[in-house]
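Q: For reference, the structure I am asking about is given below.
All of the numbers you see were taken from the coordinates with simple rules; none came from a lab. Quick caveat: nothing in here was measured; it's all calculated off a predicted structure. In this analysis, Cβ positions are derived from the backbone assuming ideal geometry, glycine residues included, and neighbour counts consider all displayed protein chains.
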Amino acid sequence: MADTWTLIADIGGTNARFAACQGDRVIDTKAYDTEPGQSLLSLALRYCSSRHSPPDIAVLAVAGPVAGNAVHLTNTGHRLNGDDLRDAIGARQVHIINDFAAAAWAVSDVDPSDLGVICGSARPGSGTRLVIGPGTGLGVGAISPIHGGLHAIVGEGGHAGIGPRTREDADVFEALRNLWPEAFFGQTLTLEAEAILSGTGLPMMYRAVQSVRGKPHTDMTPQAIFTTARAGSDPEAVRVVSIFKTYLAQLAGDLGLSFGATGGVFLVGGIAQKNPWLFDAEFVDRLRSGGRFTRHRSALDVYLLQRPDFGLMGAQSYAALMAAQGRGD
């Protein structure tokens, strides 16, 4: 039918973006604030009420762990159940997927024109593709060819442990532990990667660097930290961004090896996309430095995905797969 359409959405802690697709075309988009008093179900109903018919398939990419086609958002109190949503909007199928499953699907068949090459080949290979996204939090996902198809792999890689590489870094980690002890692994100097590689953690790390240097604590937004660091106008911001770049490069190399990412490592998310200047020769050198496996790390192709709507892209790709399976393709 001509009016058959697919609902896709990318839902985070502060906003939800909904879109209507027909085939591979996005024909309409709307964004809403995810306010505490408004349910995600009501936002989906609000969007669908603007269309003339219910969607055939709905795929919602949501920032939280998904179980049983339901999700509880990591950084808010919002919950969403796919069965309830299906009944409410009248869709034939509703699929709730993790936002980094969507990020992985977004790079499954990405156009090279949407990529900035950080190092390696101009076109990604056909093997497993790893996605790392420093934004408000730190997401990790992958997509791998299995038995003639593709399978998204999602976990909580953003909460892997990171320890200091140098004595100077150890001082900063120690100061950060005094400020934010719950982000550390017991009484060690190992902390969750997200604690220093996200918009949530960067202001805390800025205060830790101030403590080490005997400066009074002041607040600075994540983007202001990057802006002043790039300008060289704030020594503490310069130090914070140097730490951020070093440990993001280390994590990208570590996970690239762990996943066997012969199809490439893809950086996504607000911080990466707003600050492409980070991914310079120094970043590449830090990513490739890996002891006896330096040669293997040096073989990794690394890209910056330059599409801010990657969550919707991935939801659309997954919806197309579900539609094809329904047709028996």
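Q: Quick one: Debye curve from the C-alpha atoms of segment 125-300, no solvent, what's log10 I(q)/I(0) at q = 0.09, 0.13, 0.18 Å⁻¹?
A: -0.31, -0.64, -1.18
Q: If the only charges are +1 at each Lys and Arg Cβ and -1 at each Asp and Glu Cβ, what is the size of the charge dipole of segment 9-71 around the Cα centre, to the nearest 20 debye?
A: Working: 5 positive and 6 negative charges, 20 e Å.
Here segment 9-71 has a charge dipole of around 100 debye.
Q: Now for a separate question. Mind sorting out which of [x] -0.48, -0.87; [y] -0.52, -0.98; [z] -0.39, -0.85 is the real log10 I(q)/I(0) by the Debye sum over Cα atoms at q = 0.08, 0.12 Å⁻¹ computed from the coordinates?
A: It is the value labelled [z].
Q: Follow-up question, since we're still on this one. Return the single residue from Gly161, Gly64, Gly12 with maximal mean-square fluctuation; model: Gaussian network over the chain, springs between Cα atoms under 10 Å.
A: Checking each option, the largest mean-square fluctuation is seen for Gly161.
Q: Shape call for segment 246-320 from the C-alpha gyration tensor, a ≥ b ≥ c root eigenvalues: rounded (a/c under 1.5), prolate (a/b greater than b/c) or oblate? All intermediate terms of the calculation are to be shown ahead of the outcome.
A: On the way: a/c = 3.00, a/b = 1.55, b/c = 1.93.
Oblate, because a/c is 1.5 or more while a/b does not exceed b/c.
Q: Under unit Cβ charges (Lys, Arg +1; Asp, Glu -1), what dipole magnitude, rounded to 20 debye, does the chain have relative to its Cα centre? Don't jump to the answer; show the numbers that get you there.
A: Numbers: 27 positive and 32 negative charges, 111 e Å.
Using only the charged Cβ atoms, the result is roughly 540 debye.
Q: Restricting to the chain, what percent of DSSP beta bridges are antiparallel, rounded to 5?
A: Working: 38 of 57 bridges.
About 65 percent, rounded to the nearest 5.
Q: Do the sum for the chain: with -39,500 (n - 2.57) for every DSSP H run of n ≥ 4, divided by all residues, what is the mean residue ellipticity at 222 nm, to the nearest 500 deg cm²/dmol?
A: For the chain, the value works out to -11000 deg cm²/dmol.
Q: So if I take the centroid of the Cα atoms in segment 119-157 and the same for segment 258-280, what is the distance between those two points in Å?
A: The two parts, judged by their Cα centres, are 10 Å apart.
Q: Give me the percent relative contact order of the chain, please, defined on Cα pairs under 8 angstrom at least 6 residues apart. Intermediate results must be reported in sequence, preceding the final value.
A: Working: 627 pairs, mean separation 65.2, N = 329.
Relative contact order for the chain comes out at 20 percent.
Q: Tabulate in residue order the Karplus-calculated ³J(HN,Hα) for segment 85-90, using 6.51 cos²θ - 1.76 cosθ + 1.60 with θ = phi - 60°, rounded to whole Hz; enter x for Gly and Pro.
A: Each residue's phi maps through the Karplus curve to give 5, 4, 5, 6, 9, x Hz.
Q: Something else about it: Short version: ³J(HN,Hα) in whole Hz for each residue of segment 174-180, in order, from phi by Karplus 6.51 cos²θ - 1.76 cosθ + 1.60 (θ = phi - 60°), x for Gly and Pro, what are they?
A: Those phi angles translate into 4, 5, 5, 5, 5, 8, 9 Hz.
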